[in-house]
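Visitor: My questions all concern the structure below.
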Amino acid sequence: MNFSYKVKTQNGEIIEGKIEARDESVAVDTLQNKGYLILSIEQLEGDIFSIDLNKYFQKPSNKDIVIFTRQLSTLIDADMPLAEGLRTLARQFEKPTLRKIISEISDDVEGGSALSSALSVHPQYFSSFYIKLVQSGEVSGKLHEALLYLANHLERSQEINSKIKGALAYPAFVVFALIVVTGIMVVYVLPQLLAIFKDVGANDLPLTTRMLIWVTTFVNNYLYYLFTLIFGSLFLGWRYIKTSEGRVVFDNFKINMPALGTVVRNLYLARISESLSTLIKSGIPILDAIHITSDLVGNANYQKILLDAEDSVRGGGNISDVLSRYKEIPPLMSSMIAIGEKTGKLDFMLEHISKFYKSESDTTIDNIATLIEPILVLILGVAVAVLVSAILLPIYNLVNVT
């Protein structure tokens, strides 16, 4: 969103201008962080011609954020002034949207804002976890180490996501191709082939042939209704997932679906453990660490568990007592956290839990990728066998009879 503002500087000078922010509160915080007294601020009405298309078509990716973070860490380690380093990075990137974001961060830093405050203006690119670690690095004087850790953390997350996408890309393509070919066969090819049996008056047809005739007739008679039903269901399902209730149902399905549910669950557990461990090591208060992790985890079920743990710790309880009550948390994890709380080595235990579940995820992903290919071959073989038994064999029998 774009806002026009009128502010007074500390020297009493009146300044008018425009600012882009997620909402009005973020715009106000940004201006106040620069030391301005806000006289007025209002949202500008945009039209279709004022939309920045680069924002949608050249949106910074996770890889861009990783590169930015690592290079900024290198420049800080080389004792380059922060604002100058940001300006240097802004000139280096090709994507206009990313250059604009880094330039705005640089302007905020030059105006007296801390780097963490400047980053918080762009929450769609920098998570609360990212900002809190940067803030911790600023307070401890170890901003270079904090940024380097963030770059490594983001790279690991991206590597896991790429591994999952790589394992699912081949089967997704095969299934999509199978659906397309089946649709073309049912709509254009099979009606003409199956009409042969009707023309010759063949009555003693195999069960598979009769089923294929029924399916083909039904699809062709109600094709438009089926398309409407399918796309309508997908749209309504997408809208339902956007609701709070739908998100809970969908997130619960992700961690309980066959085969992949184990991978997804282990990834969430690894993310929770690593985030908590990192935040605690960085000196973030335990309540803040749990709350930030709940925002970061990306699953409504685990978010609720963490918020319950936060309430327990606020009331003097333990994290492990809450975790042990939920079936989504394995007994191993809650037991190790309990030991960490008793020995005062919670961050150490969480780090080991994270490594364990990451290793489990990698092993499961590799096993699934190995099993998928023979399963797909079996599915394709069954599909070919059905077509042969339903079409070719009856035609062969008719030829022999004649």
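The values are calculated or read from the model by the stated rules, or taken from the named source; none is laboratory data. It should be emphasised that the depicted structure is a prediction, and the values quoted were computed from it without experimental measurement. So basically every Cβ, Gly included, is an ideal-geometry build from the backbone, and we count neighbours across all protein chains shown.
Visitor: Given K63, K55, which one is at pLDDT below 80, in a helix (DSSP H, G or I), surrounded by fewer than 19 Cβ atoms within 10 Å (Cβ to Cβ) and within 23 Å of the chain's Cα centre (by Cα)?
Guide: Answer to the selection: K55.
Visitor: Of the residues that make up the range 126-143, is at least one of a type in the set (V, I, T) and surrounded by 18 or more Cβ atoms within 10 Å (Cβ to Cβ)?
Guide: There is at least one residue in the range 126-143 that is of a type in the set (V, I, T) and surrounded by 18 or more Cβ atoms within 10 Å (Cβ to Cβ).
Visitor: Turning to a different aspect of this structure: If the requirement is being surrounded by 13 or more Cβ atoms within 10 Å (Cβ to Cβ) and either in a helix (DSSP H, G or I) or of a type in the set (V, I, T) (or both), which of these qualifies: T228, T262?
Guide: After applying the criteria, what remains is T262.
Visitor: Mind counting the residues in the range 85-94 that are of a type in the set (G, A, S) and under 28 Å from the mean Cα position of the chain (by Cα)?
Guide: 1
Visitor: Scan the range 279-291 for residues that are closer than 18 Å to S320 by Cα and either of a type in the set (A, V, I, L, M, F, W, C) or in a helix (DSSP H, G or I) (or both) and report the count. Walk me through how you get there before you give the answer.
Guide: The first filter runs over the range 279-291 and keeps only residues closer than 18 Å to S320 by Cα, leaving 279-280, 285-291.
Now drop any that are not either of a type in the set (A, V, I, L, M, F, W, C) or in a helix (DSSP H, G or I) (or both), which leaves 279-280, 286-291.
Adding up the residues that qualify gives 8.
Visitor: Can you name every residue in the range 95-133 that is under 24 Å from the mean Cα position of the chain (by Cα) and part of a loop (DSSP other than H, G, I, E, B)?
Guide: Listed by number, the residues that qualify are K95, S120, V121, H122, P123, Q124, Y125, F126, S127.
Visitor: Touching a residue at least 40 places away in the same chain (Cβ under 8 Å) and buried (at least 19 other Cβ atoms within 10 Å of the Cβ): which single residue out of S354, S320 fits that description? Quick ask: steps written out before the conclusion?
Guide: Numbers: S320 fails: touching a residue at least 40 places away in the same chain (Cβ under 8 Å).
Selected residue: S354, the only one of S354, S320 that is touching a residue at least 40 places away in the same chain (Cβ under 8 Å) and buried (at least 19 other Cβ atoms within 10 Å of the Cβ).
Visitor: Can you tell me which condition G246 does not meet? The list is (1) more than 18 Å from I329 (Cα to Cα); (2) surrounded by fewer than 14 Cβ atoms within 10 Å (Cβ to Cβ); (3) among the small types (G, A, S), and all the others hold.
Guide: So the condition that G246 fails would be (2).
Visitor: From the list N256, N266, which residue is touching a Ser or Thr at 6+ places or on another chain (Cβ under 6 Å) and either modelled with pLDDT under 85 or more than 30 Å from S140 (Cα to Cα) (or both)?
Guide: Sole residue among the options that is touching a Ser or Thr at 6+ places or on another chain (Cβ under 6 Å) and either modelled with pLDDT under 85 or more than 30 Å from S140 (Cα to Cα) (or both): N266.
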